[in-house]
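This report refers to the structure that appears directly beneath it.
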Amino acid sequence: MSFNERTYIMVKPDGVQRGLVGKIIARFEERGFKLIALKLVQATEEHLEKHYADLKGKPFFPGLVKYMASGPVVGMVWQGLDAVKTGRAMLGATNPLASVPGTIRGDYALSVGRNICHGSDAVESAEKEIALWFPEGVAQYTQAQESWIFSDN
Ligand code: IDP
Ligand code: MG
């Protein structure tokens with residue numbers, strides 16, 4: 001956990017199609033995280049196989065890659081205190097039926113195969129995913145509101 005922790009959050013093709021991009025961005029902004037990278041991209045199956053390399057042996061893997069390549073996604077990097085774990089908590093459980101109301105999946109999704117968003121599951125995977133989706137790098141800037149979100153004590 002660190003003040004400058006970064007996580008990779010992605011609105012999946014169903015989230016983009018359903019017009020949920022703004023709502024998902026707003027949740028991270030309102031929580032106090034800082035947006036340091038953002039893009040809409042139509043990913044190739046090859047790129048998505050790299051992103052989901054850990055799941056290669058799973059029976060749902062081919063369907064997952066097709067789903068993720070079925071339309072553009074919005075990839076972003078959010079930075080702030082405990083961003084990885086907090087991002088996962090904001091997303092909800094992998095299966096939306098198990099996601100509590102108030103989470104993104106718990107408010108907007110019903111099925112595990114259409115769960116509208118991705119979030120890194122560990123600091124190490126976040127750094128790998130950021131490098132994969134943003135090889136050009138991310139922004140670095142100071143936000144005027146930082147002292148109103150964090151305290152020294
Ligand atoms: P996560 O997205 O919550 O980290 P992972 O286990 O990493 O969950 O799985 C990646 C994605 O694969 C899930 O978000 C979901 O879209 C899909 N997925 C996971 N399990 C299943 C399944 O049992 N059936 C269909 N799709 C699945
Ligand atoms: Mg995962």
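The values are calculated or read from the model by the stated rules, or taken from the named source; none is laboratory data. On a predicted model such as this, the values are computed, not experimentally measured, just so you know. Here Cβ is always computed from backbone atoms with ideal geometry, including for glycine, and neighbour counts include all displayed protein chains. Each accessible area value is taken on the protein alone, full model and side chains, heavy atoms only, with ligands, DNA and RNA left out. Shrake-Rupley method; radii C 1.70, N 1.55, O 1.52, S 1.80 Å.
For this structure, a couple of remarks:
- The range 1-16, subset in a strand (DSSP E or B) and not polar (S, T, N, Q), residue most open to solvent (accessible area, probe 1.4 Å): R6
- In the range 68-95, the residue that is farthest from ligand 1 (Cβ to nearest atom) out of those that are in contact with an Asp or Glu (Cβ under 8 Å, 6 or more places away or on another chain) and assigned to a helix (DSSP H, G or I) is A83.
- Those residues of the range 17-33 which are in contact with a helix residue (DSSP H, G or I) (Cβ under 8 Å, 6 or more places away or on another chain) and outside any helix (DSSP H, G or I), in sequence order: R18, L20, G32, F33
- Those residues of the range 60-80 which are away from ligand 2 (no atom under 16 Å from the Cβ) and either open to solvent by 20 Å² or more (accessible area, probe 1.4 Å) or in contact with a Cys (Cβ under 9 Å, 6 or more places away or on another chain) (or both), in sequence order: P62, K66, A69, S70, P72, Q79
- Among residues of the range 105-126, those that are more than 10 Å from ligand 2 (Cβ to nearest atom), small (G, A, S) and either assigned to a helix (DSSP H, G or I) or over 20 Å from A26 (Cβ atoms) (or both), counted: 4
- Taking the criterion of being open to solvent by 20 Å² or more (accessible area, probe 1.4 Å), away from ligand 2 (no atom under 16 Å from the Cβ) and either hydrophobic (A, V, I, L, M, F, W, C) or not in a loop (DSSP other than H, G, I, E, B) (or both), the residues of the range 127-153 that qualify are A131, V138, A139, A144, E146, S147, W148, I149, F150.
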